[in-house]
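A.B. asks: One structure follows; several queries about it will come next.
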Amino acid sequence: MLRAAASAAAAGALAGCDPHRDADPGAGPVLRASPSGAGHAVPAPVHAARPPTRVPGLPVEIAHGPRDGHAVALTFHGRGDPKLAKALLAEAERAGARVTVLAIGDWLDEQPAMARRVLDGGHELGNHTMHHRNICALPADEAYAEITRCADRLRALTGTIGSWFRPSQAQRATDLVTRLARKAGYPHVLSYDVDSLDANDPGAPAVRRTVLDSVAPGSVVSLHLGHAGTVAALPPILDGLRRRGLRAVTTTELVT
Ligand SMILES: [Zn+2]
């Protein structure tokens with residue numbers, strides 16, 4: 001919790017970029033997100049959590065970045081064995097890659113240290129709902145709670161509600177879920193254009209093939225933490241990207 005103060009201070013500097021913060025009190029948690037830490041000499045984290053930012057010119061729902069660039073974003077459903085998550089992050093870091101982890105709230109309750117671990121690697125952290133229910137099928141009040149309860153966890157652990165929101169059990173958000181996400185402070189919904197199908201545990205070679213057969217400049221690739229095959233597939237995926245002149249960057253770096 002103590003680190004939240006420094007994170008929030010850094011994040012607060014960015015809050016002015018987002019016009020939604022002024023319009024919706026629920027969208028501006030960053031500036032009041034540092035209830036603890038005052039008066040303590042807490043070293044600033046190397047990588048502060050980024051708050052959500054509206055990116056002018058981008059659609060509300062982002063499925064990919066620029067097709068004429070040289071970057072892709074590898075985005076991970078954030079849940080599962082923390083040992084596998086740490087192994088995956090270490091593989092990414094060994095290759096100089098940055099990823100985006102969309103954390104599920106109940107995973108953060110079980111593994112609160114993972115939020116800081118993700119950020120400390122220079123990666124990006126986002127919201128993937130509280131319980132990973134089929135959010136597009138829920139009534140509005142329950143869907144909104146799924147978003148805000150995960151946002152609360154992220155805010156408590158990192159000082160911001162996370163850079164991005166991705167709906168659970170859905171590649172695309174419904175209009176209702178998109179509206180609720182915006183109300184909760186996320187100007188964009190993060191979709192993807194490449195599904196690695198890694199959650200089915202098809203084996204590392206199949207995950208690598210699926211990703212490299214479909215990926216293009218600007219792609220946002222959907223992957224999952226907590227799967228050994230995904231950990232094993234990551235180095236050859238990164239090799240394959242490099243051979244095509246593509247770098248794995250954070251989602252923010254991809255789209256801004
Ligand atoms: Zn998911």
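A.B. asks: With every protein chain kept in the model, how would you rank Asp198, Asp68, Asp81 by accessible area, 1.4 Å probe, largest at the top? Spell out each step's value before the answer.
C.D. replies: Values: Asp198 0, Asp68 130, Asp81 70 Å².
Of Asp198, Asp68, Asp81, the descending order of accessible area is Asp68, Asp81, Asp198.
A.B. asks: Taking the full set of protein chains and a 1.4 angstrom probe, give the accessible area of Arg54 in square angstrom, rounded to the nearest 10.
C.D. replies: 90 Å²
A.B. asks: Which one of Ala156, Ser168, Val194 is farthest out on the positive end of the charge dipole of the stretch 117-213, using unit charges on Cβ (Lys, Arg +1; Asp, Glu -1) and the Cα centre as origin?
C.D. replies: Most positive-ward Cα: Ala156.
A.B. asks: Which residues does the label zone of Arg133 cover in the stretch 139-171, counting backbone N under 20 Å from a point 7 Å along Cα→Cβ?
C.D. replies: The answer is 139-154, 165-171, whose backbone nitrogens lie closer than 20 Å to the label point.
A.B. asks: Right, next: Kindly state, to the nearest 0.05, the FRET efficiency for Asp81 paired with Val55, given R0 = 35 Å and r defined as their beta-carbon distance. Each step should come with its number before you reach the end.
C.D. replies: Details: r = 33 Å, r/R0 = 0.95.
For R0 = 35 Å, the calculated efficiency reads 0.60.
A.B. asks: Using 0.36 nm times the number of residues separating Ala113 and Asp68, minus their current alpha carbon distance, what extension gain do you get? Don't jump to the answer; show the numbers that get you there.
C.D. replies: Working: separation 45, 0.36 × 45 = 16.20 nm, distance 3.70 nm.
In short, 12.5 nm is gained.
A.B. asks: Now for a different question. Determine the relative contact order of the stretch 100-199: mean sequence separation of Cα pairs under 8 Å and six or more apart, normalised by residue count, in whole percent.
C.D. replies: Relative contact order for the stretch 100-199 comes out at 27 percent.
A.B. asks: Tell me, what % of the accessible area of the stretch 58-255 is carbon and sulfur with a 1.4 angstrom probe?
C.D. replies: On the way: 3670 of 7310 Å².
Carbon and sulfur: 50 percent of the exposed surface of the stretch 58-255.
A.B. asks: Nearest 0.05, what FRET efficiency do Ser214 and Ala140 give at R0 = 35 Å with Cβ-Cβ as r? Mind dumping the intermediate values first?
C.D. replies: Details: r = 34 Å, r/R0 = 0.97.
My answer for the efficiency is 0.55.
The values are calculated or read from the model by the stated rules, or taken from the named source; none is laboratory data. Bear in mind the structure is a predicted one, so any value in this text is a computation, not a measurement. Every residue, glycine as well, gets a Cβ built from its backbone with ideal geometry; the counts of neighbours run over all protein chains shown. Calculation scope for accessible area: heavy atoms of the full protein, side chains included, ligands and nucleic acids excluded. Shrake-Rupley method; radii C 1.70, N 1.55, O 1.52, S 1.80 Å.
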